[in-house]
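Q: Just dropping this structure here.
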Amino acid sequence: MGRAHRLLLMLLLALGLGGGCATVPPLQTIPDVATIAGEWSGVIQYGRGSYEPFYLTVNPDGSLIAWWGLYTRYGRVDLSQERPRFTLYTWNGDLEYLAGGGRRVLILRSDFGDLYTYLTPYS
(Lines give C-alpha, C1' and ligand atoms only; values in the text may rest on other atoms or scores of the structure.)
Protein backbone atom coordinates (compact mmCIF):
# COMPACT_ATOMS: atom_id res chain seq x y z
CA MET A 1 0.00 0.00 0.00
CA GLY A 2 1.47 3.35 -1.04
CA ARG A 3 1.99 6.30 1.29
CA ALA A 4 -0.93 8.26 -0.18
CA HIS A 5 -3.24 5.30 0.38
CA ARG A 6 -2.06 4.91 3.99
CA LEU A 7 -2.62 8.63 4.67
CA LEU A 8 -6.09 8.45 3.17
CA LEU A 9 -6.89 5.38 5.26
CA MET A 10 -5.62 7.18 8.39
CA LEU A 11 -7.77 10.20 7.57
CA LEU A 12 -10.86 8.07 7.00
CA LEU A 13 -10.33 6.18 10.24
CA ALA A 14 -9.84 9.39 12.18
CA LEU A 15 -13.00 10.87 10.71
CA GLY A 16 -15.01 7.75 11.38
CA LEU A 17 -16.23 7.63 7.81
CA GLY A 18 -17.31 4.02 8.00
CA GLY A 19 -20.87 5.13 7.21
CA GLY A 20 -19.69 7.74 4.71
CA CYS A 21 -21.75 10.65 6.03
CA ALA A 22 -19.19 12.82 7.89
CA THR A 23 -17.46 15.78 6.26
CA VAL A 24 -14.22 17.55 7.01
CA PRO A 25 -14.84 20.90 8.71
CA PRO A 26 -13.46 24.08 7.10
CA LEU A 27 -10.03 25.54 7.86
CA GLN A 28 -10.13 28.24 10.55
CA THR A 29 -7.73 30.92 11.71
CA ILE A 30 -6.22 30.51 15.17
CA PRO A 31 -6.53 33.92 16.86
CA ASP A 32 -4.86 32.70 20.07
CA VAL A 33 -3.59 29.48 21.61
CA ALA A 34 -6.67 29.24 23.85
CA THR A 35 -8.65 28.33 20.71
CA ILE A 36 -6.77 25.03 20.38
CA ALA A 37 -5.74 24.45 24.02
CA GLY A 38 -6.65 21.05 25.37
CA GLU A 39 -6.04 17.36 24.84
CA TRP A 40 -6.08 15.84 21.36
CA SER A 41 -5.67 12.30 20.02
CA GLY A 42 -5.09 10.63 16.69
CA VAL A 43 -2.62 8.26 15.06
CA ILE A 44 0.98 8.54 13.89
CA GLN A 45 3.29 6.40 11.84
CA TYR A 46 6.73 6.85 13.33
CA GLY A 47 9.48 6.03 10.86
CA ARG A 48 8.32 3.09 8.78
CA GLY A 49 6.62 1.33 11.67
CA SER A 50 2.95 0.64 12.17
CA TYR A 51 0.39 3.26 13.09
CA GLU A 52 0.23 4.04 16.81
CA PRO A 53 -2.11 6.10 18.98
CA PHE A 54 -0.78 9.66 19.30
CA TYR A 55 -1.74 12.13 22.03
CA LEU A 56 -1.08 15.86 22.14
CA THR A 57 -1.66 18.40 24.88
CA VAL A 58 -1.71 22.05 23.86
CA ASN A 59 -1.29 24.25 26.93
CA PRO A 60 -2.67 27.84 27.09
CA ASP A 61 0.91 29.19 27.21
CA GLY A 62 1.63 27.61 23.79
CA SER A 63 3.69 24.69 25.03
CA LEU A 64 3.07 21.21 23.58
CA ILE A 65 3.46 17.75 25.03
CA ALA A 66 3.13 14.79 22.66
CA TRP A 67 3.34 11.11 23.45
CA TRP A 68 3.02 7.86 21.55
CA GLY A 69 4.42 4.42 22.23
CA LEU A 70 7.48 4.87 24.44
CA TYR A 71 8.12 8.45 23.27
CA THR A 72 7.33 11.78 24.91
CA ARG A 73 8.27 15.00 23.13
CA TYR A 74 7.92 18.68 24.03
CA GLY A 75 7.44 21.69 21.81
CA ARG A 76 5.66 24.98 21.15
CA VAL A 77 2.95 26.56 19.03
CA ASP A 78 3.96 29.69 17.09
CA LEU A 79 1.15 32.00 15.94
CA SER A 80 3.44 34.96 15.11
CA GLN A 81 4.13 33.92 11.51
CA GLU A 82 1.96 34.10 8.40
CA ARG A 83 0.76 30.53 9.02
CA PRO A 84 0.40 28.78 12.38
CA ARG A 85 3.49 26.67 13.07
CA PHE A 86 4.63 24.09 15.58
CA THR A 87 7.96 22.90 16.88
CA LEU A 88 8.02 19.45 18.43
CA TYR A 89 11.39 17.90 19.27
CA THR A 90 13.20 17.81 15.90
CA TRP A 91 10.10 18.57 13.81
CA ASN A 92 8.91 21.96 12.60
CA GLY A 93 5.87 22.43 10.45
CA ASP A 94 2.44 23.79 9.74
CA LEU A 95 -0.41 23.56 12.20
CA GLU A 96 -3.92 23.60 10.76
CA TYR A 97 -7.15 24.00 12.71
CA LEU A 98 -10.44 22.90 11.19
CA ALA A 99 -13.76 23.51 12.96
CA GLY A 100 -17.42 23.51 12.14
CA GLY A 101 -20.56 21.46 12.53
CA GLY A 102 -19.59 20.50 16.07
CA ARG A 103 -16.25 19.02 14.91
CA ARG A 104 -12.72 20.19 15.72
CA VAL A 105 -9.55 18.90 14.07
CA LEU A 106 -5.83 19.69 14.38
CA ILE A 107 -3.41 18.67 11.66
CA LEU A 108 0.34 18.71 12.25
CA ARG A 109 2.37 18.44 9.04
CA SER A 110 6.16 18.66 9.33
CA ASP A 111 8.22 20.53 6.76
CA PHE A 112 9.97 17.38 5.52
CA GLY A 113 6.99 15.00 5.61
CA ASP A 114 8.31 12.81 8.39
CA LEU A 115 5.43 13.75 10.72
CA TYR A 116 1.78 13.94 9.77
CA THR A 117 -0.97 13.49 12.27
CA TYR A 118 -4.68 14.23 12.25
CA LEU A 119 -6.08 14.87 15.74
CA THR A 120 -9.49 15.30 17.30
CA PRO A 121 -10.32 16.38 20.87
CA TYR A 122 -9.57 13.66 23.37
CA SER A 123 -12.41 12.83 25.67
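Q: Report yes if Met1 is of a type in the set (A, V, I, L, M), closer than 23 Å to Phe112 by Cβ, modelled with pLDDT under 95 and outside any loop (DSSP other than H, G, I, E, B), otherwise no.
A: On the way: of a type in the set (A, V, I, L, M): yes; closer than 23 Å to Phe112 by Cβ: yes; modelled with pLDDT under 95: yes; outside any loop (DSSP other than H, G, I, E, B): no.
So Met1 does not fit the description; no.
Q: Now for a different question. If I ask for residues that are of a type outside the set (Phe, Trp, Tyr), surrounded by 15 or more Cβ atoms within 10 Å (Cβ to Cβ) and touching a helix residue (DSSP H, G or I) at 6+ places or on another chain (Cβ under 8 Å), which ones from the range 60-104 would you list?
A: Gly62, Val77, Leu79
Q: OK, next. Taking the stated definitions as given, is Asp111 surrounded by fewer than 12 Cβ atoms within 10 Å (Cβ to Cβ) and among the acidic types (Asp, Glu)?
A: Values: surrounded by fewer than 12 Cβ atoms within 10 Å (Cβ to Cβ): yes; among the acidic types (Asp, Glu): yes.
Taking the combined requirement at face value, the residue satisfies it.
Q: Could you check the range 71-112 and list, in sequence order, the residues that are of a type in the set (D, E, K, R) and more than 22 Å from Tyr51 (Cβ to Cβ)?
A: Correct list: Arg76, Asp78, Glu82, Arg83, Arg85.
The values are calculated or read from the model by the stated rules, or taken from the named source; none is laboratory data. Bear in mind the structure is a predicted one, so any value in this text is a computation, not a measurement. Every residue, glycine as well, gets a Cβ built from its backbone with ideal geometry; the counts of neighbours run over all protein chains shown.
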